[in-house]
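Engineer: The structure follows.
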Amino acid sequence: MTSIKNQIISIRERIARSAERAGRDPGSITLVAVSKRVEASRLLEAIDAGVYLFGENYLQEAVEKVALLPKVGWHFIGGIQSNKTKLIAETFDVVETIDRRKVAVALEKQLEILGKVMPVYLQVNIGREIQKSGVLPEQVEQLVVDVMQCPHLHLAGLMAMPPYNPNPEASREYFRQMKGLADDLLQRGSVVHPLELSMGMSGDYEVAIEEGATVVRIGSALFGDRN
Ligand SMILES: *Cc1c(COP(=O)(O)O)cnc(C)c1O
């Protein structure tokens, strides 16, 4: 068995155990394999082991891989410049990094041309970090309204990346705040269905699931360290 296969088996087990600890159905957690800077041949090994969703940060790199592997699902998890939305609309199945109205409107325009409806997540800057993109927590509700005005965007979730900390327990409070944000939106009627919560990476996905993540984005734990 390849090491990628082994890693996937072990990650799936850990996902299941975290879900059980939280009293949740392990089947309700979606694994997105983050494949930035990983070659297509290695993605094939992951596909062989049952992975069917990949996350990419860099547009040009992603376009090449998607052309080679069109039958799996592709999440865009990188920063968005509004002049790149045409390529994003054409290439991806889900965009997780909508962080401002301008980007939502630009993507809407491209999707309308394609006649394609895209599930999108709003990226929240939950740690209020200057260097990070994402809408601030108190501005999420307005961005929800902006996205709802775009008929080709289907608001499907929230996404966040807490401040980097090697101790996964340091992320717990941020994950909890994200869950609170999503629950509030539902309770206030800003959204009519529960939102996906895309949070948790290689170092902290177990904590994220314990706190309500429904989507985890895992790269290095699956493919090894990126160079
Ligand atoms: C790179 C990246 C990941 C995966 O990080 P790992 O620590 O390698 O699991 C997840 N989400 C985003 C937005 C990323 O850029």
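Engineer: All but one of (1) within 13 Å of the ligand (Cβ to nearest atom); (2) crowded, with 21+ Cβ neighbours inside 10 Å; (3) of a type outside the set (D, E, K, R) hold for Y174; which doesn't?
Structural biologist: The failed condition is (1).
Engineer: Here's another thing I want to ask about it. For region 83-95, state whether one or more residues are in a helix (DSSP H, G or I), over 19 Å from the mean Cα position of the chain (by Cα), of a type in the set (S, T, N, Q) and away from the ligand (no atom under 15 Å from the Cβ). Show your work before the answer.
Structural biologist: Start the filter on region 83-95 by keeping residues that are in a helix (DSSP H, G or I), which leaves 83-91.
Still in the running and over 19 Å from the mean Cα position of the chain (by Cα): 83, 86.
Pick out the ones that are also of a type in the set (S, T, N, Q) and you get 83.
Still in the running and away from the ligand (no atom under 15 Å from the Cβ): 83.
For region 83-95, residues in a helix (DSSP H, G or I), over 19 Å from the mean Cα position of the chain (by Cα), of a type in the set (S, T, N, Q) and away from the ligand (no atom under 15 Å from the Cβ): present.
Engineer: Right, next: For I80, work out the one condition from (1) in contact (Cβ under 8 Å) with a residue 40 or more places away in the chain; (2) among the hydrophobic types (A, V, I, L, M, F, W, C); (3) part of a loop (DSSP other than H, G, I, E, B); (4) within 16 Å of the ligand (Cβ to nearest atom) it doesn't fulfil.
Structural biologist: That leaves (1) as the condition not met.
Engineer: Tell me, which strands (runs of 3 or more DSSP E) wholly within region 117-227 include 1 or more residues that are among the polar types (S, T, N, Q) and touching a Gly at 6+ places or on another chain (Cβ under 7 Å)? I'd like the intermediate steps shown before the answer.
Structural biologist: Values: elements: 118-124, 153-160, 196-198, 215-218.
In region 117-227, the matching strands (runs of 3 or more DSSP E) lie at 118-124, 196-198.
Engineer: Here's another thing I want to ask about it. Applying the selection to region 184-227, what residues are touching an Asp or Glu at 6+ places or on another chain (Cβ under 6 Å) and either over 20 Å from A16 (Cα atoms) or within 9 Å of the ligand (Cβ to nearest atom) (or both)?
Structural biologist: Across region 184-227, the qualifying residues are S190, S198.
Engineer: Then there is this: If you scan region 54-75, which residues turn out to be more than 10 Å from the ligand (Cβ to nearest atom), touching a helix residue (DSSP H, G or I) at 6+ places or on another chain (Cβ under 8 Å) and within 15 Å of Y121 (Cβ to Cβ)?
Structural biologist: W74
Values quoted throughout were computed directly from the atomic coordinates according to the rules given, and no laboratory measurement underlies them. As the structure is a prediction and not an experimental result, all values here were calculated from the model. For neighbour counting, all protein chains shown are included, and Cβ atoms are generated from backbone atoms with ideal geometry for every residue, glycine included.
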